[in-house]
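See structure below.
Rule-based calculations on the coordinates, nothing more; no lab input. Just so it is clear, the structure is predicted and the values come from calculations on it, not from any experiment. Here the Cβ positions follow ideal geometry from the backbone for every residue, glycine too, while neighbour counts run over all protein chains shown.
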Amino acid sequence: MKKISANLQIVKGRVMRRFGRATGNGRTEARGGVDQVAGHVKLTGEKAKDAFKN
């Protein structure tokens, strides 16, 4: 379930980043980048947990 949440955050970040770039809004673009990175960090953490479980 947490992997799905992380992937959704990555997608949300991509959408925000592209929207910000298209509209010329640097703040929205930056927030999208932050969301994207946060999602990747969460996903990596979940993958690491799974690797150590087995």
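Mind pulling the angle between the C-alpha long axis of helix 26-53 and the longest principal axis of the chain? Nearest 10 degrees, somewhere in 0 to 90. Approximately 10 degrees, to the nearest ten. Each Lys or Arg adds one and each Asp or Glu subtracts one; over the other residues with Cβ under 12 Å from the Cβ of R17, this totals +4. Only helices enter this figure: runs of n ≥ 4 DSSP H residues, each worth -39500 (n - 2.57), summed and divided by the residues of the chain, yield -33000 deg cm²/dmol at 222 nm to the nearest 500.
Straight-line cross-link reach from K12 at under 18 Å between alpha-carbon atoms covers these lysines, not counting any fewer than eight positions away in the same chain: K2, K3, K42.
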